[in-house]
Structures are given as structure tokens and as C-alpha cells.
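The next block holds one structure in the form of C-alpha cells; read it before the comments.
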Amino acid sequence: MFTAGAFTLILCACNPGKTKVLQDSVAYEPMEVSSKTSLYQEWLNDYQEKNPQWYKTEKDKRAFVKAFEKNIVSNIDFAKSVCDDNRSKIVNKEYISGNDEGDKLYAFEYKVKFYLPVPIPDGSAEGVSCISMRYGIMSLIPRNASTEYPYTGDANYAERFDKHVPDRWKLEMGTYFVGNKVDL
């Protein structure tokens, strides 16, 4: 029921005048393993190690996106890790709607750029050595919580909102709702 309500809110309450575009020219770093490596970073590093050519064809890119989607919708800790990852940058934030309790639905756009094991040929002598991906997170933020980031405090549910749209150099990973599932 909540999902249907969220879709209705998104379709009916979108207001482009309330979109906040954040700095897009941020310095990206490769995903590095550290003592504070997130589940998301571990998954990404592991995926690249097991599939070193994953970005070479559209079919392989779609398999990467499918694996990401499978993890985010089946493992709430992974979904929270994606929301909280310090390597991904929020480049766009949009207020969608609010409810009577004062909760606010926001859409966050993330971009992350990371280095590839082998450069992608692009006609230059060196090729493209990094790739960027984009994903969105929809978050229902409680009235007293900050709206700077998605609220994941008591999240227990994640669901995909849209379909994959391929881009040659930028991977569109989809948009996901991460929050509480409400059963009525």
C-alpha cells in the first residue's frame, strides 16, 4: 500500500521548482578497500574481481546493473550502505511531497566514479580508465530528521522504482525507495 501511495505522491506532487542541484564537479576517487569499507564497496570490488570485463559489452553492463538491483532489494544492509557510501556524491536533491505527520519524501541523485581494471577503448591512445554510474534513492524523512541525506535509520525495505536506461559511459543503476514497508 505504501508503494502505491509513494508512486501517487511522486506522480502528483513533483515540483521542478523545488529541485536542488548540487555541485556536479566533485572529485571522485576509486573504490578502495579500507578498515571502513562498506558492504557496497566490498560488493563492487568483489564484482570487478570476479568479472574483470563486466563493462566491455552492453550485455555485461546489464548483468552488473541486475546484480546491483538484486543486492539492493534483497539486502537492507546493502541498501543502507549504498545510501550512506562516502565515495558516492549526492549531486541532486528534490523535495517530492509531505504528509500530515510532517514526514517528507525526497529524491536523491548519486553519482560515483571509479577506476576500471583495464581501460575502455575510446579511440584515444590511453582509453577511458574510469567509469561513472548514477543511481537514485527515494527516502521518506521523518519531520525531525535532516533532509541532507536519505533517512535509513529504521529502514527495513527497498524496492526499485524505474527501469534501466543504458548510457555508453555512465551506468544508470536505477532509482530505489529505501525505507519502511507499511502493511495495511
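Every number here is computed from the coordinates shown, using simple stated rules; none is lab data. A quick note: this is a predicted structure, and the numbers were derived from the prediction, not measured. When we count neighbours, we look across all protein chains shown, and the Cβ atoms used for this are built from the backbone with ideal geometry, even at glycine.
Ordered by residue, what ³J(HN,Hα) values in Hz, to whole numbers, does region 136-148 give under the Karplus form 6.51 cos²θ - 1.76 cosθ + 1.60, where θ = phi - 60° and Gly and Pro are x?
x, 10, 9, 9, 8, 9, x, 3, 9, 9, 5, 9, 6
Measure off 7 Å from each Cα along the Cα-to-Cβ vector at Asn86 and Ala67, then give the distance between these two points in nanometres to one decimal.
It is 2.6 nm.
Given the pairs Lys59/Lys89; Lys66/Lys181; Lys59/Lys181; Lys50/Lys80, which are separated by over 30 angstrom at their Cα positions?
Correct reply: Lys59/Lys181.
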